[in-house]
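Right, one structure below, let's go through it.
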Amino acid sequence: MKKFLSSKVFRAIWSIGLAALFYFICPPCFSKTTIAIILGILLILINGSALIARSPWPTHIARVLVGGLFIFSGFIKANDPLGFSYKLQEYFEVFKADTGLGMFEWFAHIALPLAIMICVSEMLLGVMLLICYKRELTLWLLFAQIAFFTFLTFYSACYNKVTHCGCFGDFLKLKPWESFWKDIALLILITMLFAGKEHINELMFPALLGVVFIVSAVASIAFPMYAYRNLPPLDFRAYAIGMNIKDNMKAGADYQPAVYESGFVYENLKTGELKDFTMKNYPWEDTLNWKWNATKNILVHDAINPPKITDFTVNNAEGVNITDSILNNKDYSFWLVCYDLTKTEEDASLHAKLNDFYTLATKDNKKIVGMTSSGAKEIDDYKHAHQALYDFASVDGIVLKTMIRSNPGLILVKNGTVIMNWHWRNIPSYSEIKDKFMK
């Protein structure tokens, strides 16, 4: 029995059966032809491993590509683990709404440690693959991780749930289908690694491999923890230091808006596939093969060089829009960002420091504006709890999360340009900021 389970015949049976299962359960948003091609490639790699393994070069090329991409992807996410946790929360909220399962709400509550764990595992698995350490464990963990993310990106793309996956943070925003195809490419490469795993042999002495692994593990854990406790060392957002918010709210010189046209979604009566059609080619006469499903606007092409910031709006307590006066202040001003006052850091010494900061800045005729998405009651509760002297304006919560990865966080602005920003753990005294940044 054991011999049969390890035979090529059994491998062919389970791989073909699994491929058939995926083919038939694949939702109609994805072409049956395309899924058949993908599954066919994977079947060839799984059952033709002996042929593929004849040359070591495909395996080594795949090893370098997969290892390098995992390290890069993990590093970019580890640079901003809090931002990545926001993306995971978005996925879990979607799954909770679609399935009704309470476990996704629990996952959303632990999104931050999960985000850090994923960052660490991606970087560490990439290193392990490159140095050929713990081959079997590394390959199976790589496969498990890419299978998980392939499911996430496919679900997001198929049902249009999450606009971008967060795979490369704010450095590179991929659309759902782009992200899915990236994962498919990685899935194929990792399958190639299984096929040629006999060529993946340790590159160093075991003791040296262990040292490299430990150093990599420490660095992989330390980096995202540092980025979380401070601010992202590499800031790719439109509110980064040196960025002018007013300029980023303007479209580029060659700006062209997104183009949509009216279209229809028809269902193939034989395959169940849903397909988009335009006014020019919709099969309204072919009632034997197609049935109307929905009418919708179809994106012809994305906007070209659109504004980097489209949703920055500031309203005062009375609901009056004060965005222009905030951005056009020619003097230095401070923005105290608290995206959710119920989740703001409770440290009493921090709030005493902020009140002292406000007093000194006000005496120096420098404006401090609190910004939050919380309502009037939460603002009133917060001000009473911390004896806060500063007032709050209303800004969208997602915008505030994007502006600074800290709650609260402090931003120094002059005439719409971000001069400097600080995590709540690192806010200097007013005199230090004045001497160093307010020239």
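Please treat every number below as a calculation from the coordinates, not as lab data. Everything numeric in this text was worked out from a predicted model, so none of it was measured. Every residue, glycine among them, receives a Cβ derived from its backbone with ideal geometry; neighbour counts consider all protein chains shown.
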Rounded tilt (10° steps) of 57-78 against the dominant C-alpha axis of the chain: 20 degrees
Local electrostatic count at Met438 - Lys and Arg +1, Asp and Glu -1, tallied over other residues with Cβ under 11 Å: +1
Sequence-separation-based contact order of the stretch 1-117, relative, with Cα cut under 8 Å and 6+ spacing, percent: 17 percent
Counted charge near Ala352, where neighbours are those whose Cβ lies closer than 13 Å (Asp, Glu -1; Lys, Arg +1): -3
Distance between the stretch 150-226 and the stretch 88-145 - C-alpha centres, whole angstrom: 10 Å
Violating pairs (Cα-Cα greater than 31 angstrom) within the set Lys343/Lys434; Lys96/Lys383; Lys8/Lys87; Lys173/Lys343; Lys87/Lys366: Lys96/Lys383; Lys8/Lys87; Lys87/Lys366
Ordering of 284-295, 173-184 by burial proxy (mean other Cβ atoms within 10 Å per residue, highest first): 173-184, 284-295
The chain, relative contact order [Cα under 8 Å, separation at least 6], %: 15 percent
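Nearest 5 percent is fine: what portion of the DSSP beta bridges confined to the chain is antiparallel?
So the antiparallel bridges amount to about 80 percent of the total.
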In Hz, Karplus ³J(HN,Hα) per residue of the stretch 401-410 (6.51, -1.76, 1.60; θ = phi - 60°; x = Gly, Pro): 4, 6, 4, 8, 8, 7, 9, x, x, 10
Prolate/oblate/rounded label for the stretch 27-229 (Cα gyration tensor, a/c 1.5): oblate
Prolate/oblate/rounded label for the stretch 131-277 (Cα gyration tensor, a/c 1.5): oblate
Amide H contacts of Ile368 (H built 1.01 Å from N, under 5 Å, at least 5 apart or other chain): Phe334
Other-chain or far-sequence residues with amide H under 5 Å of Asn293's (modelled H): Val265, Tyr266, Glu267
Computed over the stretch 300-439: relative contact order in percent, which uses C-alpha pairs under 8 Å that are six or more apart: 31 percent
Net charge of Cβ neighbours under 11 Å - reference Gly409; Lys, Arg +1; Asp, Glu -1: +2
Most fluctuating residue given options Thr271, Thr402, Thr372, as computed from a GNM of the chain linking Cα atoms under 10 Å: Thr271
Sorted peptide list for 124-131, 359-366, criterion being average Cβ within 10 angstrom, highest first: 124-131, 359-366
The chain: angle of helix 135-159 to the longest principal axis, Cα-based, in degrees nearest 10: 70 degrees
Where labels lie 7 Å past Cα in the beta-carbon direction, separation of Ile188 and Leu350 in nm: 4.7 nm
Sparse-neighbourhood loop sites, trypsin sites (Lys or Arg not before Pro) in the stretch 206-281 - DSSP loop, at most 14 other Cβ within 10 angstrom: Lys250, Lys270, Lys280
Global form of the chain, assessed from the alpha-carbon gyration tensor, a/c cut-off 1.5: oblate
Lys, Arg +1 and Asp, Glu -1 on Cβ, resulting dipole of the stretch 206-318 about Cα centre, debye, nearest 20: 300 debye
Phi-based couplings in Hz for the stretch 432-439 (Karplus 6.51, -1.76, 1.60; Gly and Pro marked x): 5, 4, 4, 5, 8, 10, 10, 8
Rounded to 10°, Cα long-axis angle of helix 348-363 versus longest principal axis of the chain: 50 degrees
Peptide ranges 219-227, 77-85 listed from the most packed, as the mean C-beta count within 10 angstrom indicates: 77-85, 219-227
